[in-house]
Structures are given as C-alpha cells and as structure tokens.
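One structure below.
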Amino acid sequence: MRKFLVVLDDSRECLNAMRFAALRAAHTGAGVQILSVIPPEEFQHWIGVADIMRQEARERIQAHYEVFAKWMRDRQGIDPELVIREGEPVNEILSQIREDPEIGVLVLGAGTEKSGPGPLVTQLSRTSGSLPIPITIVPGEMSKERLEAIT
C-alpha cells in the first residue's frame, strides 16, 4: 500500500501537513506514516540525563501522535503508523524514505514566518531533484476548508 509520510514536530504548520496527508490518503486508499525525529543530544557525557530526556521526548511524541491518530481514525478512517527515529531530522527523513519502499509522497508543512518556510522545507527542497519520491508542501496558512476542497 502506498503511504504518505508526514513529519510530526512542534511547528504550527505540522497540523496542515497532517490534515492534507490524512485527507489524501482517505481519498486514494493509501496509508499515513507519521515520522517524528528526536535530534541528537548536546550533552552526551550526561548519559543518565540523556536517557531520561530521550524517554520524555518519546512520551511527548506518543501523546502528540495520539491526538492526530484519533482524528485520522475517527474522521478519515485512516489508522496511521508512528515511526520515531533519532538523529538529524533531514538525514532521518531521507533514511526512512529509503528504508520503506511503500512511502510514495513526503508531505511537509510550510511555515509562514518572515524567516522562510522552515528548515525542513528549505533543506529538502534543495535536494528534491534527487529524491526518489515527490514532496508536497502544504501552506501553513491554508484553511481547513480549502484543504478539504483540494484533496
């Protein structure tokens, strides 16, 4: 089954990317894979603290994921899959795409700040010509109604 890969993070634009992925998956008979990346810890020498921080990050991700998963199940009939990876976000996204041949589209939300669309959109769009799948960039300011109309 083809999957839409969407990145779960703390950004506002993540919500629109999740909506888009779920709506497209529901309309096309596809699945949704939600990827969350825990960045490398800065203080590796504090092993006990790093382990606690890593566990807390996983618990926070799981709780955040459950909110989106419930909405996808209840509203769209989609049962998303959660993948948690550790490392640099762009590298981990690319690794996930390479490791799962069912991923057909990467869905990212674009930020609306003056500083640009966000680091993931900026970095991944630079390498988009060599990616094995297309990227869909969903505007962060797009209304829920507009998203529903175009999916």
**OP:** Tell me, yes or no, whether region 70-80 has at least one residue that is more than 10 Å from the chain's Cα centre (by Cα), acidic (Asp, Glu) and at pLDDT 95 or above.
**Re:** yes
Subject >> helices (runs of 4 or more DSSP H) (entirely within region 1-111) containing at least 3 residues that are in contact with a helix residue (DSSP H, G or I) (Cβ under 8 Å, 6 or more places away or on another chain) >> reply: 14-28, 89-99
Original post:
Can you tell me which of Ile61, Ile78, Ile135, Ile93 is within 16 Å of Phe4 (Cα to Cα) and in contact with a Ser or Thr (Cβ under 7 Å, 6 or more places away or on another chain)?
Top reply: Ile135
**OP:** Only residues that are touching a residue at least 60 places away in the same chain (Cβ under 8 Å) and surrounded by 18 or more Cβ atoms within 10 Å (Cβ to Cβ): list them for region 118-141, please.
**Re:** Gly118, Leu120, Val138, Gly140
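The values are calculated or read from the model by the stated rules, or taken from the named source; none is laboratory data. Model, not experiment: these values are computed from the prediction. Reconstructed Cβ throughout: ideal geometry from the backbone, glycine too, with neighbour counts over all protein chains shown.
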